[in-house]
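Here's the structure we're looking at; comments come further down.
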């Protein structure tokens, strides 16, 4: 899939497709997808979904001009599969039926990702603009697919979409500096690096402001009880018709966004190698392949700390820590107060590792200032 990092960041170059145009047999996916929030309120939803004929992706690959169709096909199937396995109010389910498992596994293989709805399907490909001439921002966007009839879920997704749109400047800076360092590192000046870091700081400030808006239209009670369960992990699930052995996959989580991992690699923050940080690296397999490649390239990138002024470098680190603090407090408000296991949506022990990430980010400052430590 083509990337437009300078203008879209990690969002797709073109606005996502809103309906499948691969032929009449594929219309059933749009129909079931749009009806899913109502279907999942019924006790016999699984019986109904078991009978839906889902056509296979009709190609052995994904032609360039059909990437938006492939992404929507994956979004619809991913939502339906997660709705089937994680249906609220129904007994636990550990078998995805053949009619859903086979097509989901095929498109997931072509997309080079695990066969479960992840952050890309839940957010990156799951939006539309009301006015295509206006920016990708709250007030001008809505979701294509949901699990429940609650605007709270729309809001949760759309906040992430605007954050991804704002991150385009960050991705452009990283790609641009990496290219400059490869071409002529001796010509790169402190002034140029500082200017680039200013762009990152401006983008991060805007991103934090958007993240702070989460409670405006999202109830913590409704989030935890009504739609968070649908983005939970698949634990010991048999994909019938594909693999007879039970397999587990992480659920959708913001930890699968590429923004903070990119900044972490770019700023060369030395997080300790432990079970928690290895979990974060595991999240990368749920990212689109071109995002994973960019993270690897950025990891190999020369350290810009030696070229930057301490003031500009530390300002970005502080904003990263502030972003993580806002996320930490929302994790407490929306999850930790309501469960005892302190597990994130993707199976993450967030209460411990979020603190570590904040502290280690500040510890990387040039001036040695660690700032405020989350209590």
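The values are calculated or read from the model by the stated rules, or taken from the named source; none is laboratory data. Nothing here was measured: the structure is a model prediction, and the numbers come from that model. FYI the Cβ positions are ideal-geometry reconstructions off the backbone, even for glycines, and counts take in every protein chain you see.
Overview of results
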{"quantity": "Long-range neighbours under 6 Å by Cβ, at least six apart or interchain, first residue closer than 15 Å to residue 297 by Cα and assigned by TED's automatic domain parsing to the domain that holds residue 299 within segment 177-191, second part of a helix (DSSP H, G or I) and modelled with pLDDT of 95 or more", "calculated": "177/196"}
{"quantity": "Exclusive hit being surrounded by fewer than 19 Cβ atoms within 10 Å (Cβ to Cβ) and free of Cβ contacts under 8 Å to residues at least 40 places away in the same chain, set 60, 52", "calculated": "60"}
{"quantity": "The lone exception for residue 60 - which of (1) over 20 Å from residue 148 (Cβ atoms); (2) part of a helix (DSSP H, G or I) it fails", "calculated": "(2)"}
{"quantity": "Of all residues making up segment 37-51, the number that are closer than 27 Å to residue 151 by Cβ and assigned to a loop (DSSP other than H, G, I, E, B)", "calculated": "5"}
{"quantity": "Selection from segment 135-156 of residues that are in contact (Cβ under 8 Å) with a residue 24 or more places away in the chain and either outside the structural domain of residue 124 (by TED's automatic domain parsing) or in a loop (DSSP other than H, G, I, E, B) (or both)", "calculated": "135, 136, 137, 138, 144, 145, 146, 147, 148, 149, 150"}
{"quantity": "Unique residue being farther than 14 Å from residue 74 by Cα, modelled with pLDDT of 95 or more and surrounded by 14 or more Cβ atoms within 10 Å (Cβ to Cβ) when the list is 29, 20, 11", "calculated": "11"}
{"quantity": "Options 295, 280, 317: the member that is within 27 Å of residue 212 (Cβ to Cβ) and modelled with pLDDT under 95", "calculated": "280"}
{"quantity": "Hey, residue 39 free of Cβ contacts under 8 Å to residues at least 60 places away in the same chain and surrounded by 14 or more Cβ atoms within 10 Å (Cβ to Cβ) or not", "calculated": "yes"}
{"quantity": "Unique match (being part of a loop (DSSP other than H, G, I, E, B) and either in contact with a strand residue (DSSP E or B) (Cβ under 7 Å, 6 or more places away or on another chain) or free of Cβ contacts under 8 Å to residues at least 24 places away in the same chain (or both)) among 273, 303", "calculated": "273"}
{"quantity": "Failed criterion for residue 303 (all others in (1) surrounded by 15 or more Cβ atoms within 10 Å (Cβ to Cβ); (2) over 28 Å from residue 225 (Cα atoms); (3) modelled with pLDDT of 90 or more hold)", "calculated": "(1)"}
{"quantity": "Complete set of residues in segment 87-124 that are touching a helix residue (DSSP H, G or I) at 6+ places or on another chain (Cβ under 6 Å), assigned to a loop (DSSP other than H, G, I, E, B) and surrounded by 24 or more Cβ atoms within 10 Å (Cβ to Cβ)", "calculated": "115, 117, 118"}
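Yes or no, residue by residue, for (1) over 30 Å from residue 190 (Cβ atoms); (2) touching a helix residue (DSSP H, G or I) at 6+ places or on another chain (Cβ under 7 Å); (3) at pLDDT below 95:
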{"position": "268", "(1), (2), (3)": "no, no, no"}
{"position": "275", "(1), (2), (3)": "yes, no, yes"}
{"position": "287", "(1), (2), (3)": "yes, yes, no"}
{"position": "330", "(1), (2), (3)": "yes, yes, yes"}
{"position": "375", "(1), (2), (3)": "yes, no, yes"}
